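All of the numbers you see were taken from the coordinates with simple rules; none came from a lab. In this text the structure is predicted, and so the values were computed from the model without any measurement.
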């Protein structure tokens with residue numbers, strides 16, 4: 001889980017910086033590297049958290065939610081950008097990422113205490 005937290009924080013920070021500073025090569029490379037490998041790590045973490053007999057169902061459920069995000073996410077981003085600007089859309093998306101990271105931190109804290 002700590003790897004996912006670091007990746008989430010990195011992607012969220014890159015999203016905020018894209019909104020505030022615009023596209024910079026180093027920022028885009030960092031964003032691309034952090035955003036390209038998280039899904040495999042997430043699926044491995046899900047498989048590790050559930051009993052072996054439920055691994056297929058749990059990873060399938062996560063993939064359904066991820067696919068919904070792939071459909072809804074770009075449309076929501078475009079709607080925010082159309083109503084305001086790309087900079088605002090990136091800053092809003094940073095907030096969405098921070099909510100997810102906060103949820104992961106909470107889950108990690110609860111799990112480590114039990």
Q. What are the extents of the Cα atoms of the chain along their three principal axes, listed from largest to smallest and rounded to whole Å?
A. 46, 27, 23
Q: Only Cα pairs under 8 Å and at least 6 apart count here; give the relative contact order of the chain as a rounded whole percent.
A: 43
Q. Angle between the Cα long axis of helix 38-49 and the longest principal axis of the chain, 0 to 90 degrees, nearest 10?
A. 20
Q. For residue 50 and residue 98 in the same chain, what is the full-extension length gain: residue separation times 0.36 nm, less their Cα-Cα distance, in nm?
A. 14.7 nm
Q. To the nearest 500 deg cm²/dmol, what mean residue ellipticity at 222 nm is calculated for the chain from DSSP H runs of n ≥ 4 alone, each contributing -39,500 (n - 2.57), summed and divided by the residues?
A. -30000 deg cm²/dmol
